[in-house]
Structures are given as structure tokens and as C-alpha cells.
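Everything on this sheet refers to the single structure shown next.
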């Protein structure tokens, strides 16, 4: 075995010779991955250039401000062999395959994810009524909340999304399309279909706008036009969303791998104050449950899909890590080019939960993400009795936006909307000084609540 110091550069032939006895052969049950790429996290202060010099790897991309890097492995090695080679390096914290993350269409083999519909049909759709969104909008509009949509981008020119997209959208695919959710006319996943995921992110963004009309949406593009992505892009997107100040992070895709770096990113976002909402996936299975929906212990809120009668959608994944369900059949949203479309999948159930969370966060801006999650769960409609055989594996129930806001339910104790005008502003801060209450859920109604509310108001 090679003994490597931080400053020792070893010629490539010596590296390859040492790799012979260390190589881990890719297994048939490995989740799909990019064969010539790995993702590494180095110890603070370690020099990436030195690491690359030791192993003849090349940096493809890095996550800004973090020692997390996507590397191209030497041509003579594949990714599993390279991971075996670098194991034990003192500069290494984590090294992983760059596994595939994707959205799986519940109707494989179809060219498009949606069926054409109309704007009026979108506004009158059953999915919105099921979660009591019209009633919820009487108590909150989502104002002051930033929702990051990690997806395929969004059509900024669509009339329904006018004024809804925050500036500074981020493209992590890097094919020149930006965040536009546009076709590239390439069969990126070699399935015989072209651009079958175009519109995915636009529909997701539109659903959020429909439920929480005044929330701002930050598109972060990680999927190509066929719905493909990687754990590096997804990890980078979560960090970027949290650093951009996102209150809610919607992720309507996932991976069957269990990457440590994805866990770290979700935990970071949660600690930063963001609620991470992720779709469960569309394979009608409990194992493997797609990550990050499976990362409930790290703060993610996994979402399964139900029908209009609160029965599990036949395609929806399920399992004990799932936190909530939401309608995922016949959901209608805007599509690129100015149209509207009907789609199905847990991808479109997740934004109904994200938008409900945005409504709550808008009037309870100091509510921590773990308690926001509890609030959504505790006010959900119970559905276990309607789903024999899936009890406890569809979350706490089907989300109800109105009840989460305290309508026909126990009041939202941390609401800062003290004058009940469906928004939080300086008038509410004045009223707090007249009658203090615990807004940040730390057990005390004190100056910290007023100070934090003032900071929040100034940042909006």
C-alpha cells in the first residue's frame, strides 16, 4: 500500500501500480454513477492542488466557500478504483461516487411529463381545494418568504410566473441554457426520448405560486432536459439555496444512493433555518427510498403522493421516513412557452407542501424548521384508515394548508401577524411591544423575539 504525505507527488505509474491491490470493483447493485468522477470533501486548510498532484486527478468544479470538489479521475482508473486508492489520505474527510440523481416519470416511455390543459383549469383544480389552499390564502399570501426550487429551471417569460421569480437564479448544469427550463434536443439519458423533462421545474414553480402567490421563487437548475442530475449538483444546490437565504427548499428529484455529502448539505440547510421538502419518488417502493426524502433525521421532509380521495397514488414511494402526503395526480401548472399542463408524480405533491410551508413561514417567520415541520404534520388530515397496508408509511397524513395556519385548528402560537391582516409588518412589531409573545419558540417572550422580528422585517 502507498504511504502518502500531504506534500508528496507520486508519478502516475506508481499510483496505478498501487491501485491494483486496492481497487473496489463496481457492484451490480451500485446505484448508477458517473464512471469517471468522484466527489471529495477535504479537511479545512488542505490544498486541492496538492491532492490532485498526488493522484493525477483533475478538478472539474468546486462548491463555493467549501472544500467539496468534483474530480475527474485518471483515465486508467474508474471511480470505484480511485476511491479505493485515496482511502486513508489524511486530507480526506469524505469521498463518494458521483451518483445519479433524477426525476423518474411515473409513466415511463412517454415523451412529455404533462398533458395540455388551460389556465382556468389550473385555477379550478381539485388538488388546490383538497389542501384548503383558497381558505389558507385568506390568512397568508407567502409574502416575505423565499422558496428555492431545485429542479430543471423555470420559464421566466410565462405570464403566470411574472414577478414570482427572484433575481439571481442559478444554473448548475452549465450547458448554456441558464435557468430557462428549455429543450436541448439531445437524448441525454439514452432512453430513446428527447427533452421529456422539459416543463418539470416550471410546473413545480407554478404550483408554489398558485398556493403562495406572494412568495418569491429562486430557481436553481440541476436537471438537464431529460431529468438527469448528480449528487454533486444536488449537494451544491442545497448549499447555495441555504446561503441565498431560502426559507423553504423544494427538491422534486432524488437518488437511490445514500451520499454522506447530501446528508451534510440537508443538515446545514436545516441549521441555517430552511425547511427542506423532497419528493419520495415514483417507483411504488419502500426500499430504496430516494434521498433526500429519506433524510428525515437530518431535517428533510419527505412527501408521498395521494389521489383526490386521499388514497396512495399507485406510483408513489412510501416508508417510515416520509413526513407528509399531498395530491400528486392530476396536478396542473404552467408549462414553458405560455401554456398549462397536467402532470402526476411525487414531484408535484412536494411543491404543495412547500407552498403550504411558505404560507406558515410568512406569518410565523421566526418558527424554526423543525417546528414548522411539526406544525404541518400535526395539522394534516389523517389518511391511514384509507390506506390499509401503508399505515405509518405515508407520513402524518395529507397536508392541509388552512389548518396549518390555525384555521379550524389550534391557533398558530408563533404567528407574528398580531393584527390578523394576513401579513407581518411594522404594525405587528408595534403590537408585540404592547403584548409580547414567544415568536421564536424558545420558551420566552423577550427582547430576542422583537430583535429577530425586526431583523426579518428589515431583510424583506
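The values are calculated or read from the model by the stated rules, or taken from the named source; none is laboratory data. What you see is a predicted model, and the numbers here were worked out from it, not measured in a lab. Cβ coordinates were reconstructed from backbone atoms using ideal geometry, including for glycine residues, and neighbour counts include every protein chain displayed.
Mind telling me which of the residues 154, 148, 143, 139 ends up being touching a strand residue (DSSP E or B) at 6+ places or on another chain (Cβ under 6 Å), in a loop (DSSP other than H, G, I, E, B), surrounded by 16 or more Cβ atoms within 10 Å (Cβ to Cβ) and at pLDDT 95 or above?
Exactly one residue qualifies, and that residue is 154.
Take the residues in segment 72-90 that are in contact with a strand residue (DSSP E or B) (Cβ under 9 Å, 6 or more places away or on another chain) and over 24 Å from residue 44 (Cα atoms); name whichever of them is surrounded by the fewest Cβ atoms within 10 Å (Cβ to Cβ).
Top of the filtered list is 75.
Could you list, in sequence order, the residues of segment 222-258 that are crowded, with 23+ Cβ neighbours inside 10 Å, assigned to a loop (DSSP other than H, G, I, E, B), at pLDDT 95 or above and more than 10 Å from the chain's Cα centre (by Cα)?
222, 246, 247
Any idea which of (1) closer than 26 Å to residue 140 by Cα; (2) surrounded by fewer than 19 Cβ atoms within 10 Å (Cβ to Cβ); (3) more than 19 Å from the chain's Cα centre (by Cα) is the one residue 371 doesn't satisfy?
Result: residue 371 fails condition (3) only.
Considering segment 157-181 alone, what residues qualify as being in contact (Cβ under 8 Å) with a residue 12 or more places away in the chain, farther than 18 Å from residue 145 by Cα and in a loop (DSSP other than H, G, I, E, B)?
Listed by number, the residues that qualify are 157, 158, 172, 173, 175, 177, 178, 179, 180, 181.
With respect to the numbered conditions (1) within 20 Å of residue 351 (Cα to Cα); (2) crowded, with 21+ Cβ neighbours inside 10 Å, which one is the sole condition not fulfilled by residue 104?
With respect to (1) within 20 Å of residue 351 (Cα to Cα); (2) crowded, with 21+ Cβ neighbours inside 10 Å, residue 104 is out only on (2).
Please work out if residue 144 is in the same structural domain as residue 285 (by TED's automatic domain parsing) and in contact with a helix residue (DSSP H, G or I) (Cβ under 6 Å, 6 or more places away or on another chain).
For residue 144, the condition - in the same structural domain as residue 285 (by TED's automatic domain parsing) and in contact with a helix residue (DSSP H, G or I) (Cβ under 6 Å, 6 or more places away or on another chain) - is met.
Quick grid of which residues meet (1) in the same structural domain as residue 235 (by TED's automatic domain parsing); (2) in a loop (DSSP other than H, G, I, E, B):
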position: 45; (1), (2): no, yes
position: 60; (1), (2): no, no
position: 66; (1), (2): no, yes
position: 106; (1), (2): no, yes
position: 129; (1), (2): yes, no
